[in-house]
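Here the structure comes first, spelled out in structure tokens, and everything after it is commentary.
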Amino acid sequence: AQSVSQHNHHVILSEAASLELGCNYSYGGTVNLFWYVQYPGQHLQLLLKYFSGDPLVKGIKGFEAEFIKSKFSFNLRKPSVQWSDTAEYFCAVNAKGTSYGKLTFGQGTILTVHP
Amino acid sequence: EPEVTQTPSHQVTQMGQEVILRCVPISNHLYFYWYRQILGQKVEFLVSFYNNEISEKSEIFDDQFSVERPDGSNFTLKIRSTKLEDSAMYFCASSEIFWGPEAFFGQGTRLTVV
């Protein structure tokens with residue numbers, strides 16, 4: 001069975017700081033990888049996804065993530081955060097070829113950005 | 001932009017009562033899911049549903065739980081006899097394809113069992 005670990009429970013930054021949120025997964029096979037964001041009071045929204053190809057993927061709102069297969073990692077980055085990026089971020093994994101769209105989530109990282 | 005909608009947003013129920021959580025997936029999606037998040041814990045997969053039957057379920061999804069697509073638009077999760085530990089945020093999601101799914105989530109129903 002797959003598992004996902006997010007290293008930071010709560011990250012606090014000032015506006016314009018750079019962001020990197022760690023995500024590692026455990027699974028022996030091929031995976032699809034996702035980052036979701038949940039703004040206060042809203043639903044989970046897809047930030048970006050990796051299925052195959054270029055391991056550096058770009059998502060909405062200036063976010064990007066890099067899949068490093070050898071490290072089983074899919075870290076989320078943004079060069080300059082804004083106050084509006086305050087939200088909870090979830091990394092998720094889907095095991096290709098074995099489960100019917102089932103996502104396994106990390107525990108989430110709360111990002112607080114101070115103006 | 002099409003979205004998944006869930007009702008109610010908050011449900012309070014007494015222990016032992018049955019609850020039905022409702023979801024309207026995106027209209028052209030074929031795969032439907034329920035997840036839950038107990039306060040302070042991870043979002044956990046409960047069940048996936050395709051072609052009017054369960055595709056996969058987790059060990060959480062025991063005999064107290066059932067899902068149904070009663071008509072062409074709704075997707076429901078029923079908890080037959082609620083327990084205190086069923087208190088959680090329940091998320092419905094839908095996707096168009098499942099090999100490399102992009103799941104769209106509803107805003108959640110917060111279930112409180114008292």
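Against the numbered list (1) exposed (fewer than 14 other Cβ atoms within 10 Å of the Cβ); (2) in contact with a Lys or Arg (Cβ under 9 Å, 6 or more places away or on another chain), B:Ser55 comes up short only at (1). Condition check for A:Gly62 on (1) modelled with pLDDT of 95 or more; (2) surrounded by 20 or more Cβ atoms within 10 Å (Cβ to Cβ): one failure, at (2).
B:Phe61 fulfils the conditions (1) open to solvent by less than 90 Å² (accessible area, probe 1.4 Å); (2) within 14 Å of another protein chain (Cβ to nearest Cβ); (3) out of contact with any Leu (no Cβ under 6 Å at 6 or more places or on another chain) except for a single criterion, (3). Would you check if there is a residue in the stretch B:42-51 being surrounded by fewer than 19 Cβ atoms within 10 Å (Cβ to Cβ) and small (Gly, Ala, Ser)? Scanning the stretch B:42-51, I find no residue that is surrounded by fewer than 19 Cβ atoms within 10 Å (Cβ to Cβ) and small (Gly, Ala, Ser), so the answer is no.
Note on the stretch B:97-112: among residues that are at pLDDT 85 or above and part of a loop (DSSP other than H, G, I, E, B), the one that is farthest from the chain's Cα centre (by Cα) is B:Ala103.
Looking for something more than 11 Å from the chain's Cα centre (by Cα), at pLDDT below 90 and loosely packed, with under 12 Cβ neighbours inside 10 Å - is there at least one such residue anywhere in the stretch B:3-21? No, that holds for no residue. The residue of the stretch A:27-40 that is modelled with the lowest pLDDT, among those that are farther than 15 Å from A:Leu111 by Cα and not polar (S, T, N, Q), is A:Gly28.
Filter the stretch A:1-13 for residues that are within 15 Å of B:Lys42 (Cβ to Cβ), part of a strand (DSSP E or B) and open to solvent by less than 50 Å² (accessible area, probe 1.4 Å) and give the result.
At the first step, the residues of the stretch A:1-13 found to be within 15 Å of B:Lys42 (Cβ to Cβ) are A:1-9.
Keeping just the survivors that are part of a strand (DSSP E or B) gives A:3-6.
Of everything in the stretch A:1-13, those that are within 15 Å of B:Lys42 (Cβ to Cβ), part of a strand (DSSP E or B) and open to solvent by less than 50 Å² (accessible area, probe 1.4 Å) turn out to be A:Val4, A:Gln6.
Restricting the stretch A:14-37 to residues that are open to solvent by 30 Å² or more (accessible area, probe 1.4 Å) and assigned to a strand (DSSP E or B) leaves a set whose member that is farthest from B:Ala103 (Cα to Cα) is A:Ser14.
Scanning the stretch B:18-56 for residues that are facing chain A (nearest Cβ under 9 Å) and of a type in the set (Lys, Arg) gives a single hit, B:Lys42.
Can you list the strands (runs of 3 or more DSSP E) found entirely within the stretch A:39-115 that contain at least 2 residues being within 13 Å of chain B (Cβ to nearest Cβ) and touching a Leu at 6+ places or on another chain (Cβ under 6 Å)? Break it down into steps so the answer makes sense when it comes.
On the way: elements: A:44-50, A:56-58, A:64-68, A:73-78, A:87-95, A:109-114.
The strands (runs of 3 or more DSSP E) meeting that bar are A:87-95.
When A:Val57, A:Val113, A:Val81 are screened for being crowded, with 19+ Cβ neighbours inside 10 Å, farther than 24 Å from B:Val4 by Cα, in contact with a helix residue (DSSP H, G or I) (Cβ under 8 Å, 6 or more places away or on another chain) and modelled with pLDDT of 95 or more, only A:Val113 passes.
The single residue among A:Ala92, A:Ala65 that is touching a residue at least 60 places away in the same chain (Cβ under 8 Å) and of a type in the set (A, V, I, L, M, F, W, C) turns out to be A:Ala92.
Out of curiosity, is B:Glu102 within 30 Å of A:Thr30 (Cα to Cα), open to solvent by 10 Å² or more (accessible area, probe 1.4 Å) and touching a Ser or Thr at 6+ places or on another chain (Cβ under 7 Å)? So that I can check it myself, show each step before the final result.
On the way: within 30 Å of A:Thr30 (Cα to Cα): yes; open to solvent by 10 Å² or more (accessible area, probe 1.4 Å): yes; touching a Ser or Thr at 6+ places or on another chain (Cβ under 7 Å): yes.
Criteria met by B:Glu102.
The values are calculated or read from the model by the stated rules, or taken from the named source; none is laboratory data. The shown structure was predicted, so the numbers you read here are calculated from the model rather than taken from an experiment. For neighbour counting, all protein chains shown are included, and Cβ atoms are generated from backbone atoms with ideal geometry for every residue, glycine included. Accessible surface areas use protein heavy atoms only, side chains included; no ligands, DNA or RNA. Shrake-Rupley method; radii C 1.70, N 1.55, O 1.52, S 1.80 Å.
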